[in-house]
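Scroll down for the structure; my scribbles are underneath it.
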Amino acid sequence: MLKSLAVLGLVTILPAGALCAQTEVSVALGVTGWTPLVHDYVVQSIDAKPSPGPTIALGIGHSIAPRYTAGVTVSYSSSALRGNYGTTSSDLGHVRTFTAMGTVGGHVSGALHWQAGAGFLHYFHDSQAGFLAGSGTTRLLMGGGLNFRRPMLAHWDLLATANYDFHRFSSPDLRSHGYTQSQGVQRIALLLGLARGAR
Amino acid sequence: MSHRSIAAVALAAGLAAACADIGAPTRADLYEWRKVVGTDTLSFHWPQSFLPVRIWAEDSDSLPNDADASIAQWNHVFLYHEYAAVRVDDSTTADVIVREAAPPAGDDILLSRWSLGSMAPECQATTLPNIDDTRQAHLPMHIYITARFSTALASTQACLALTLTHEIGHTLGIFAHSSNPNDIMFANPAVGRPSARDANTAEVLYHSPANVSPVPGR
């Protein structure tokens, strides 16, 4: 994961001239909101839900047609995870995720662009208890979003992004406790950053 | 089918996949965990503000290692951190004290696991939750555990280990015994770890009202 981030980070700090005219790179910071990772019922309703957490996203794309691009976006997010039931809120530690998505995108109108893609999301966890104990888990991911890009400096554009994605969550520990199927989890990320390259 | 129809079907399938909940186990298979004392029924679980519960084990035979294993087994039962325990090195800060000794005489509620000679003669134990008439549990709780034969024997070591898991089950709030010998909370336990029924009982216990409150005693 760190290697991927480092490679994309290096690409973003390359001089603009080193980039192919049809290639764009971006870096953005923001926040990701979640629906519950697990919705359960034991006498009372239980939600295990990450709180909105900081997110960093790096992207690289290349024009594949006059109005379309294809690329890769990776992101890293960290959130506090809490179990909520009745009037109780329990501390389940932190959930950290790394996401890699292959994307295609296009122009909507003006400075607005769309993108959609699929990839994977990996959960890390640092607690020895709870449903993410032990090793993490990797899930398939689908999503899309809108980008607003406005020229700001000679080579840099201001980038505002709203992304939505969803995946089906489960973990080895949940399965060992008798849980079947998986939980639909939706996320929305609002990011602000810089982009340069193809416009 | 038109492209628009295909897109609509795909969107509907995607939304259904994104929203569906996980299939949770029913946890219907459980046993009574409350302690009936006279006309009163005592129900206890540790509040979140007391977690992790601090357990001190006397450095005698394999007691510290057994305590670590027992704590790990019970911690693993709880998916949402309703209960968690750690072993501490300082007995003066402990919420639960485990000693390899016979229990003192007294009139406290005893949650005992006395070995039945023909079934498991190797060890015996007693848990004292120190609950008074006002339904307050004065900490620390005490677990007394003793071997009846040499602790060099593998069977005695196994008995001490599973009995300690049983007694820690009492301190987390299972104040009664299971009638099923496959459960660790069976009065004379023979299994090495909490069963699915033990886990169901513990989880339901922690989502049910308690009428006994812990009171720091130190």
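When you check residue A:144 against the structure, is it open to solvent by less than 30 Å² (accessible area, probe 1.4 Å) and part of a strand (DSSP E or B), yes or no?
Taking the combined requirement at face value, the residue satisfies it.
Could we say that residue A:193 is more than 30 Å from residue B:84 (Cβ to Cβ), touching a Phe, Trp or Tyr at 6+ places or on another chain (Cβ under 7 Å) and in contact (Cβ under 8 Å) with a residue 24 or more places away in the chain here? So that I can check it myself, show each step before the final result.
Values: more than 30 Å from residue B:84 (Cβ to Cβ): yes; touching a Phe, Trp or Tyr at 6+ places or on another chain (Cβ under 7 Å): no; in contact (Cβ under 8 Å) with a residue 24 or more places away in the chain: yes.
So residue A:193 does not fit the description; no.
Please specify each residue of segment B:51-67 satisfying the condition of being closer than 17 Å to residue B:163 by Cβ and free of Cβ contacts under 8 Å to residues at least 12 places away in the same chain.
Across segment B:51-67, the qualifying residue is only B:65.
Can you tell me which residue is farthest from residue A:47 (Cα to Cα) among those in segment B:180-218 that are open to solvent by less than 20 Å² (accessible area, probe 1.4 Å) and away from chain A (no Cβ under 13 Å)?
Going through the qualifying residues, I end up with B:188.
Any chance segment A:133-140 includes a residue that's over 30 Å from residue B:73 (Cα atoms) and more than 10 Å from chain B (Cβ to nearest Cβ)?
yes
Consider residue A:68 against the criteria (1) under 22 Å from the mean Cα position of the chain (by Cα); (2) within 14 Å of another protein chain (Cβ to nearest Cβ): it satisfies all of them except one. Which criterion is unmet?
So the condition that residue A:68 fails would be (2).
If residue B:106 satisfies all but one of (1) modelled with pLDDT under 90; (2) more than 24 Å from residue B:92 (Cα to Cα); (3) surrounded by fewer than 16 Cβ atoms within 10 Å (Cβ to Cβ), what's the number of the condition it fails?
That leaves (2) as the condition not met.
What single numbered condition from (1) within 27 Å of residue A:171 (Cβ to Cβ); (2) surrounded by 15 or more Cβ atoms within 10 Å (Cβ to Cβ) fails to hold for residue A:69?
Checking residue A:69 against (1) within 27 Å of residue A:171 (Cβ to Cβ); (2) surrounded by 15 or more Cβ atoms within 10 Å (Cβ to Cβ), the one that fails is (1).
Within segment A:103-117, which residues are open to solvent by 50 Å² or more (accessible area, probe 1.4 Å) and either of a type in the set (Asp, Glu) or in a loop (DSSP other than H, G, I, E, B) (or both)?
Hit for segment A:103-117 is A:110, nothing else.
For segment B:185-199, which residues satisfy the criterion of being touching a residue at least 60 places away in the same chain (Cβ under 8 Å) and assigned to a loop (DSSP other than H, G, I, E, B)?
Hits for segment B:185-199 are B:185, B:187, B:188, B:189, B:190, B:193, B:194.
Go through (1) within 26 Å of residue B:21 (Cα to Cα); (2) away from chain B (no Cβ under 14 Å) one by one and return the number of the condition residue A:25 breaks.
Checking residue A:25 against (1) within 26 Å of residue B:21 (Cα to Cα); (2) away from chain B (no Cβ under 14 Å), the one that fails is (1).
Report yes if some residue within segment B:154-176 is within 17 Å of the chain's Cα centre (by Cα), open to solvent by less than 30 Å² (accessible area, probe 1.4 Å) and free of Cβ contacts under 8 Å to residues at least 24 places away in the same chain; otherwise report no.
Taking every residue of segment B:154-176 in turn, none turns out to be within 17 Å of the chain's Cα centre (by Cα), open to solvent by less than 30 Å² (accessible area, probe 1.4 Å) and free of Cβ contacts under 8 Å to residues at least 24 places away in the same chain.
Can you tell me which residue in segment B:71-98 is modelled with the highest pLDDT, limited to those that are closer than 27 Å to residue B:205 by Cα, open to solvent by 30 Å² or more (accessible area, probe 1.4 Å) and of a type in the set (Val, Ile, Thr)?
B:86
Which is out of contact with any helix residue (DSSP H, G or I) (no Cβ under 6 Å at 6 or more places or on another chain) and of a type in the set (A, V, I, L, M), of A:133, A:162? Step through it out loud before you land on a result.
Numbers: A:133 fails: out of contact with any helix residue (DSSP H, G or I) (no Cβ under 6 Å at 6 or more places or on another chain).
Residue meeting the stated conditions: A:162.
Filter segment B:46-70 down to residues that are open to solvent by 10 Å² or more (accessible area, probe 1.4 Å) and either within 14 Å of chain A (Cβ to nearest Cβ) or farther than 28 Å from residue B:204 by Cβ (or both), then give me how many there are. Break it down into steps so the answer makes sense when it comes.
Keep residues of segment B:46-70 that are open to solvent by 10 Å² or more (accessible area, probe 1.4 Å), which gives B:47-52, B:54, B:56, B:58-62, B:64-66, B:68-69.
Filter once more, keeping what is either within 14 Å of chain A (Cβ to nearest Cβ) or farther than 28 Å from residue B:204 by Cβ (or both): B:47-52, B:56, B:58-62, B:64-65, B:68-69.
Matching residues across segment B:46-70 total 16.
If you check residue B:42 against the conditions, is it in contact with a Phe, Trp or Tyr (Cβ under 7 Å, 6 or more places away or on another chain) and either at pLDDT below 90 or at the interface with another protein chain (Cβ under 9 Å from one of its Cβ atoms) (or both)? If you could, list the steps in order and put the result at the bottom.
Values: in contact with a Phe, Trp or Tyr (Cβ under 7 Å, 6 or more places away or on another chain): yes; either at pLDDT below 90 or at the interface with another protein chain (Cβ under 9 Å from one of its Cβ atoms) (or both): no.
Spelling it out, it is not the case that residue B:42 is in contact with a Phe, Trp or Tyr (Cβ under 7 Å, 6 or more places away or on another chain) and either at pLDDT below 90 or at the interface with another protein chain (Cβ under 9 Å from one of its Cβ atoms) (or both).
Restricting to segment A:72-98, count the residues that are within 11 Å of chain B (Cβ to nearest Cβ), buried (at least 16 other Cβ atoms within 10 Å of the Cβ) and among the small types (Gly, Ala, Ser).
So the count comes out to 3.
Out of all the residues in segment A:170-199, which are more than 10 Å from chain B (Cβ to nearest Cβ), assigned to a strand (DSSP E or B) and surrounded by fewer than 16 Cβ atoms within 10 Å (Cβ to Cβ)?
Matches in segment A:170-199: A:192 only.
The values are calculated or read from the model by the stated rules, or taken from the named source; none is laboratory data. Being a predicted model, the structure only gives us computed values, none of them experimental. Cβ coordinates were reconstructed from backbone atoms using ideal geometry, including for glycine residues, and neighbour counts include every protein chain displayed. Accessible surface is based on the protein model in full, side chains and every heavy atom, while ligands, DNA and RNA are left aside. Shrake-Rupley method; radii C 1.70, N 1.55, O 1.52, S 1.80 Å.
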